[in-house]
Amino acid sequence: MSKSQVSMTVNGRAVEALVEPRTLLIHFLREQLNLTGSHVGCDTSHCGACTVDLDGKSVKSCTMFAVQVNGADIRTIEGMANADGTLHALQEGFREMHGLQCGFCTPGMIMRAYRLLQENKSPNEDEIRFGIAGNLCRCTGYQNIVKAIQYAAAKINGVPFQEAAE
Amino acid sequence: MHMIPAAFTYHRPTSVQEAVSLLARLGEEGRALAGGHSLIPMMKLRLAAPQHLVDLAGLSELRGIRDDGGDIVVGAMTTQHELAASDLLGAKIPLLREASLLIADPQVRYVGTLGGNVANGDPGNDMPAIMICLDASYEVMSETGRRRIAARAFYQGAYLTALGTGEILTGIRIPVPPAGHGQAYEKLKRKIGDYATAAAAVILSFSGGTVKSCSIGLTNVADKPLWAEGAADILIGSALDPATVKRAVAAAEAITSPASDARGPAHYRTKMAGVMLARALARAKERARN
């Protein structure tokens, strides 16, 4: 089967490559670009561990072909830290609020939360839970993930973070 | 474990004409690709193995939501996310906005399209019963011309529809329900992202305290979406009193034939269709101008 030429921007870097049409975006990112931060969790479009940001949308990269996103602008977890190496507010939030245990779902969680905060600068708890409904975590029970996102929202908005009363 | 689809040739036409010419030439070997969130999982499981994929993503004329003289026309490639975000739909057909937010999860709604949802023929999809409830029609095109198919005549069985080989769905035409109507989509599901155990869509309008018009669609309780015309007829002319609602619910339950599966045994899913209908009727009534 002949390969197709694709070009896209990944974490601000122009990328050109030859791909088989059936190559899924997640495999292209992990195996051809060596960006292994995005994970293959369920492989069935449920768990969200493969979530990346694509042209202003959160998408499950296990459910699209790399050829479909020719020309796209993609951001993965590897593109989240600031240029000086300091953590993005969401990464800091997940660390400070213990938003991860095993860490497998974290890259997808952070990429989804990134787009959520672009669309809603100060989401309440219900909006966060609805907004991350496509990302499964089997460790934390979500409690601290919600706090981590609230922490990041507060930091980005320049307001003090206040934990909601339990 | 990697789930890798069978190899295929990828086509990305830049006009609808080019797309339908390609599909006419490819015949049974070609499949149109919309958002891909039904088709790609099936390809990964090798339940589908098209030799050619014709990606419709480059066809900007298949996108957008417009008001066309009393009808709303939604381009087939419009995403669920765009439906939920549309102020025009929020004002004219709130049922559609409400239902889109009950589909799958945010990531899937960014990519999944209305056209793919209704054309795929999966009885688990939510939009077909909603289109049947709203009396929508599907605008389809092939190399030889265009035609319209009523949603109520489109579904023939699981993954079997009136869409012919070489035809693509270009748009969904929805008559705007009467001013003051009430609407609701009640969906029972085990968790976010799940298909319905059972779901009911209702639109109704009142005149002088009695039901003037009513339409009901049911999701995932047969091998195709159901139009519960008999149940709606029972309600028309009533004040939605409990006895009449009970009769209508029984009439709706009687036309269901769900499968027994992980969502529950058939008789449970039939009863849940009735419960969803009763709830949808109550909520639509609250929202209607009496």
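Taking the range B:97-113 only, how many residues are aliphatic (A, V, I, L, M), surrounded by 20 or more Cβ atoms within 10 Å (Cβ to Cβ) and in contact with a Phe, Trp or Tyr (Cβ under 9 Å, 6 or more places away or on another chain)?
Of the residues in that region, 1 qualify.
Does B:Val118 count as without any contact (Cβ under 8 Å) to a residue 60 or more places away in the chain, more than 24 Å from A:Thr23 (Cα to Cα) and β-branched (Val, Ile, Thr)? Walk me through it before giving the result.
Values: without any contact (Cβ under 8 Å) to a residue 60 or more places away in the chain: yes; more than 24 Å from A:Thr23 (Cα to Cα): yes; β-branched (Val, Ile, Thr): yes.
Taking the combined requirement at face value, the residue satisfies it.
Among the residues of the range B:53-68, is any surrounded by fewer than 24 Cβ atoms within 10 Å (Cβ to Cβ), closer than 30 Å to A:Ala49 by Cβ and among the basic types (Lys, Arg)?
Yes, the range B:53-68 has at least one match.
Are there strands (runs of 3 or more DSSP E) fully within the range A:23-141 with at least 1 residues that are closer than 19 Å to B:Ile40 by Cα? List them.
Working: elements: A:51-54, A:57-60, A:73-75.
Here the list reads A:51-54, A:57-60.
Taking only pairs six or more apart or across chains, which ones have beta-carbon atoms under 9 Å, a first residue in the range A:1-18 that is within 14 Å of another protein chain (Cβ to nearest Cβ), and a second residue that is assigned to a loop (DSSP other than H, G, I, E, B) and modelled with pLDDT under 95?
A:Leu18/A:Lys3
Among (1) away from chain A (no Cβ under 14 Å); (2) assigned to a helix (DSSP H, G or I); (3) surrounded by 21 or more Cβ atoms within 10 Å (Cβ to Cβ), which single condition is B:Ala91 missing?
Exception for B:Ala91: condition (3).
With (1) buried (at least 19 other Cβ atoms within 10 Å of the Cβ); (2) more than 22 Å from A:Tyr151 (Cβ to Cβ); (3) within 13 Å of chain B (Cβ to nearest Cβ) as the list, and A:Leu29 as the residue in question, which single condition is left unmet?
(3)
Regarding A:Gly85, is this residue out of contact with any Asp or Glu (no Cβ under 8 Å at 6 or more places or on another chain), more than 10 Å from chain B (Cβ to nearest Cβ) and surrounded by fewer than 20 Cβ atoms within 10 Å (Cβ to Cβ)?
Values: out of contact with any Asp or Glu (no Cβ under 8 Å at 6 or more places or on another chain): yes; more than 10 Å from chain B (Cβ to nearest Cβ): yes; surrounded by fewer than 20 Cβ atoms within 10 Å (Cβ to Cβ): yes.
Yes, satisfied.
Say whether the condition of being within 14 Å of chain B (Cβ to nearest Cβ) and hydrophobic (A, V, I, L, M, F, W, C) is met by at least one residue in the range A:148-165. Steps first, answer last, please.
Keep residues of the range A:148-165 that are within 14 Å of chain B (Cβ to nearest Cβ), which gives A:149.
Imposing the further condition that a residue be hydrophobic (A, V, I, L, M, F, W, C) reduces the set to A:149.
Yes - at least one qualifying residue is present in the range A:148-165.
Just the residues that are among the hydrophobic types (A, V, I, L, M, F, W, C) and over 16 Å from B:Val111 (Cβ atoms), please, taken from the range A:9-46. Don't jump to the end; show me each part of the working.
Step one: of the range A:9-46, the residues among the hydrophobic types (A, V, I, L, M, F, W, C) are A:10, A:14-15, A:17-19, A:24-26, A:28-29, A:33, A:35, A:40, A:42.
Answer for the range A:9-46, where residues must be among the hydrophobic types (A, V, I, L, M, F, W, C) and over 16 Å from B:Val111 (Cβ atoms): A:Val10, A:Ala14, A:Val15, A:Ala17, A:Leu18, A:Val19, A:Phe28, A:Leu29, A:Leu33, A:Leu35, A:Val40, A:Cys42.
Scan the range B:94-122 for residues that are aliphatic (A, V, I, L, M) and in a helix (DSSP H, G or I) and jot them down.
So the first thing to find is which residues in the range B:94-122 are aliphatic (A, V, I, L, M), and the list is B:95-96, B:99, B:101-104, B:108, B:111, B:114, B:118-119.
Scanning the range B:94-122 gives B:Leu95, B:Leu96, B:Ala99, B:Val108, B:Val111, B:Leu114, B:Val118, B:Ala119.
When you go through B:Thr165, B:Thr161 one by one, which is the residue that is assigned by TED's automatic domain parsing to the domain that holds B:Thr78 and modelled with pLDDT under 95?
Details: B:Thr161 fails: modelled with pLDDT under 95.
From the options B:Thr165, B:Thr161, the qualifying one is B:Thr165.
Please go through the range A:42-60 and pick out each residue that is at pLDDT 95 or above and more than 7 Å from chain B (Cβ to nearest Cβ).
Of all residues in the range A:42-60, those at pLDDT 95 or above come to A:47-60.
Result: A:Cys47, A:Ala49, A:Cys50, A:Val52, A:Asp53, A:Leu54, A:Asp55, A:Gly56.
In the range B:49-61, is there at least one residue being within 14 Å of chain A (Cβ to nearest Cβ), part of a loop (DSSP other than H, G, I, E, B) and polar (S, T, N, Q)?
yes
Which residues, taken from the range A:61-71, are in contact with a helix residue (DSSP H, G or I) (Cβ under 8 Å, 6 or more places away or on another chain), facing chain B (nearest Cβ under 8 Å) and aliphatic (A, V, I, L, M)?
A:Met64
Would you please name the residue that is nearest to B:Thr210 (Cα to Cα), looking only at residues in the range B:260-281 that are of a type in the set (A, V, I, L, M, F, W, C) and touching a residue at least 24 places away in the same chain (Cβ under 8 Å)? Steps first, please.
Here is the first cut: in the range B:260-281, the ones of a type in the set (A, V, I, L, M, F, W, C) are B:262, B:266, B:272-273, B:275-278, B:280-281.
Restricting the remaining residues to those that are touching a residue at least 24 places away in the same chain (Cβ under 8 Å) gives B:272-273, B:275-278, B:280-281.
On the way: B:Met272: 26, B:Ala273: 24, B:Val275: 22, B:Met276: 21, B:Leu277: 18, B:Ala278: 17, B:Ala280: 17, B:Leu281: 13 Å.
Residue satisfying both the conditions and the ranking: B:Leu281.
Within the range B:69-88, which residues are within 20 Å of A:Glu119 (Cα to Cα) and either surrounded by fewer than 24 Cβ atoms within 10 Å (Cβ to Cβ) or β-branched (Val, Ile, Thr) (or both)? Walk me through it before giving the result.
If we filter the range B:69-88 for residues that are within 20 Å of A:Glu119 (Cα to Cα), which is where we start, we get B:78-88.
B:Thr78, B:Thr79, B:His81, B:Glu82, B:Ala84, B:Ala85, B:Ser86, B:Asp87, B:Leu88, listed by residue number.
Scan the range B:1-43 for residues that are within 14 Å of chain A (Cβ to nearest Cβ), in contact (Cβ under 8 Å) with a residue 60 or more places away in the chain and either surrounded by fewer than 15 Cβ atoms within 10 Å (Cβ to Cβ) or part of a loop (DSSP other than H, G, I, E, B) (or both) and jot them down.
Those that are within 14 Å of chain A (Cβ to nearest Cβ), in contact (Cβ under 8 Å) with a residue 60 or more places away in the chain and either surrounded by fewer than 15 Cβ atoms within 10 Å (Cβ to Cβ) or part of a loop (DSSP other than H, G, I, E, B) (or both): B:Ala34, B:Gly35, B:Gly36, B:His37, B:Ser38.
Quick one: B:Val73 ticks every box in (1) among the aliphatic types (A, V, I, L, M); (2) assigned to a helix (DSSP H, G or I); (3) in contact (Cβ under 8 Å) with a residue 60 or more places away in the chain except a single one, so which number is it?
So B:Val73 meets the others, but not (2).
The values are calculated or read from the model by the stated rules, or taken from the named source; none is laboratory data. From a predicted model like this one, the values you see are computed outputs, not experimental measurements. Because the Cβ atoms are built from the backbone with ideal geometry, glycine has one as well, and the counts that use them run over all protein chains shown.
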